Amino acid sequence: MTEVSQQQWGDVSGMHSVDLWLLKSSQVRVELLTLGATIRSVCSRGKDGQFEDVVLGYDDLDGYLSDKRYMGAVVGRVANRIARGSFVMEGREYQLDVNNGPNALHGGLRGFNKAVWLATEVEGGVQLSHTSPDGDQGYPGEVQVSVSYTLQGETLTAEYQARSTKTTPINLTNHSYFNLAGQGAADIYDHQVSISGDSYLPVDDTSIPTGEIRRVEGTPFDFRKPVQIGTKLKEVPGPGFDHNFCLSSPGNAWTERHAARVCHPASGRVLEVSTSQPGVQFYTANFLDGSIRGKGGCRYRKHSSFCLETQNWPDAVNHASFPDCLLRPGEDYRHVTRFTFTTV
C-alpha cells in the first residue's frame, strides 16, 4: 500500500505555488515537486536496513529555480541535443533556442523543467500535467503533456503522455542524478553498471550523433556485463560517458524492455531501469564541477553521480535512419519507464 500526501513547498513569482508530493511504501520513499515534475528525492534501504537518499538535488526552491543542470526534472519538449537548434519538417525549417554551444538542449532556454505543472492525485501516486503553447521555444503546435509517477512496493513508474495540435518533435525523459551510496557521496567509481545495449551512437565534439550506429563489442562502451564505472571511465576518451545506448533498432516496436542495472556493492543498493523507449543516455555527471551546493550543503563534483535518461535517440529529428520522434495531430505519445530499488 502506497501512502500519498502533499504540502505546499514554496511560491514562484507570477506562477502557481510549488507543491511537494510524498509517495511512501514500506521499501521506498519518493519526493516529487510540481516545479519541473521533478524527482526531488528517492530514499531506499541498504543491506544494513537504513534508508539513504540516492537522488541529487537542493534543500529549497531557490536551488531548483536557479538550477542549470536539470536536477531530477522532466526535460522537454525534446530531451537531449538537436544539432544547431534547427530541423526541417514538412518542408519548413524551424529554428529553436540554442542553449548548449551551437545546439539546443533539453527543450531550450526555458524548457519543461522550469514550468510549474498541475497535480492530480491518482492511485499510488500523482499525475502532473503541463500545456506547452504553440511556438514555445520555437517548437510548433500546442502540446498537452503529462507524467504520472506511481509507487508500488520498490518500483517507481513514470508514464508519459502527450498530444499536439500540429506535427512536432517530442522526446520526454527524467533527468535524475543518482548515487546509490547516498546523494552526498564523493563519486560513483565503485558502482557496477550493466546496460542492455548492443550498439551506441558515436558523437562529434559538440555531443551530436554522427549518424553511425556502432556495435559496443570491443569498445569502452560495452556494458553488456556488469563492470565498475571507475574502470570504464579510464578507458573512454573525453570527460566521461554522455552517450545514447540503443535498446532497439529503428522500426522495432517500442515494447518495454530492461535497460540498465546499477549496483553499489558496499551498501547493497541496486537500481534497475526498464523502459519502452528505444534508447538510454548514460551520463556520468561530467560537467558538475563543485560549484553547486546541494542537499545538506554537499558540493556536487564531476563523476559524483550518474543519469540513465530513457529516451528516443538524440537529434532524431535530423536523422531519417533514427526512430521517428514526430508527434502528429490525433496521435498519442505514450511511454513508460520503471525504476526499481532493491538490495543484494
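Please treat every number below as a calculation from the coordinates, not as lab data. Just so we're clear, the structure is a prediction, and the values are computed from it rather than from any experiment. All Cβ positions, glycine included, derive from the backbone under ideal geometry; neighbour counts span all protein chains shown.
A few notes on this one:
- Comparison of 212, 235 shows that the only residue that is of a type in the set (Asp, Glu), part of a loop (DSSP other than H, G, I, E, B) and free of Cβ contacts under 8 Å to residues at least 12 places away in the same chain is 212.
- Check on residue 288, outside any loop (DSSP other than H, G, I, E, B), out of contact with any His (no Cβ under 7 Å at 6 or more places or on another chain) and crowded, with 19+ Cβ neighbours inside 10 Å: no
- Conditions (1) surrounded by fewer than 18 Cβ atoms within 10 Å (Cβ to Cβ); (2) in contact with a strand residue (DSSP E or B) (Cβ under 7 Å, 6 or more places away or on another chain): number failed by residue 109: (2)
- For segment 19-64, filtered to residues that are part of a strand (DSSP E or B) and aromatic (Phe, Trp, Tyr), the residue that is surrounded by the most Cβ atoms within 10 Å (Cβ to Cβ) is 21.
- Residues of segment 291-333 classified as buried (at least 16 other Cβ atoms within 10 Å of the Cβ), assigned to a loop (DSSP other than H, G, I, E, B) and in contact with a helix residue (DSSP H, G or I) (Cβ under 8 Å, 6 or more places away or on another chain), total: 6
- Residue satisfying condition, being in contact with a Ser or Thr (Cβ under 6 Å, 6 or more places away or on another chain) and of a type in the set (S, T, N, Q), within set 228, 277: 277
- Complete set of residues in segment 224-244 that are surrounded by 14 or more Cβ atoms within 10 Å (Cβ to Cβ) and β-branched (Val, Ile, Thr): 227, 229, 236
- Hey, residue 36 among the small types (Gly, Ala, Ser), more than 18 Å from residue 182 (Cα to Cα) and in contact (Cβ under 8 Å) with a residue 12 or more places away in the chain or not: yes
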